[in-house]
Amino acid sequence: MRLTMTGLLVCALALPGLSAAAHAEPTPLPLVSLTTIPDGWSQRTDLRPELQVFADGEAVRSPDAVSKDRKPETAAKKVTGRVDPAVLAAAEDEIAALAEVDFGIPAGDGKGTQIIDLMPEDPAGEVHLVVYSPAATDGLTGEQQDARKRFTALYKKLIDAFKS
């Protein structure tokens, strides 16, 4: 019996499709991800990034990722496209610069969250920018409000740079 099982395993691994699947490269992680968690969505488990940009400029956009009309059991749409390398390089620089600023936490209840993640191959270069209650300004200093404006401009620039 053991000889039969060994023979079947050898045959299975010899088949091109199975062999390729067994040695497939892992799916690359996006270089930059943009995620919005709208107010009231903290309990939803189907949240996905609005935009994922890979190091080569390839990108995936989910335009309905935060749509109130999308039911939790319905997967977000995925549109493939590109982000211009110059825009991506400028975004990386701005993300790194924003890692050193204080976005503050406004007074009052949380009103959603926006996140920009930079995840290069070298984990030492990772940056995770998180802005709580992005539209709120109560209790924030002028510098914190300016930092939030930069964050919002960067987020919008990357979304607008996506071309399908």
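The values are calculated or read from the model by the stated rules, or taken from the named source; none is laboratory data. Given the structure is predicted, the values throughout are model-derived calculations rather than measurements. So basically every Cβ, Gly included, is an ideal-geometry build from the backbone, and we count neighbours across all protein chains shown. The accessibility values were calculated without ligands, DNA or RNA, using every heavy atom of the protein model including side chains. Shrake-Rupley method; radii C 1.70, N 1.55, O 1.52, S 1.80 Å.
General observations
- For the listed peptides 151-157, 29-35, 124-130, a ranking on the average number of other beta carbons within 10 Å per residue, highest first, reads 29-35, 151-157, 124-130.
- Residues of segment 50-106: accessible area per residue with a 1.4 Å probe, Å²: 57
- Net charge dipole size for segment 39-79 [Lys, Arg +1 and Asp, Glu -1 on Cβ; Debye, nearest 20]: 140
- Relative to the compact-globule estimate of 2.2 N^0.38 Å, the Cα radius of gyration of segment 125-164 comes out at 1.37.
- Shape call, segment 63-164: gyration tensor on alpha carbons, a/c limit 1.5: oblate
- Entries of K71/K163; K77/K149; K78/K156 with Cα pairs more than 23 Å apart: K71/K163; K77/K149
- Surface composition of segment 36-141: carbon plus sulfur atoms hold 51% of the accessible area, using a 1.4 angstrom probe and ignoring ligands, DNA and RNA.
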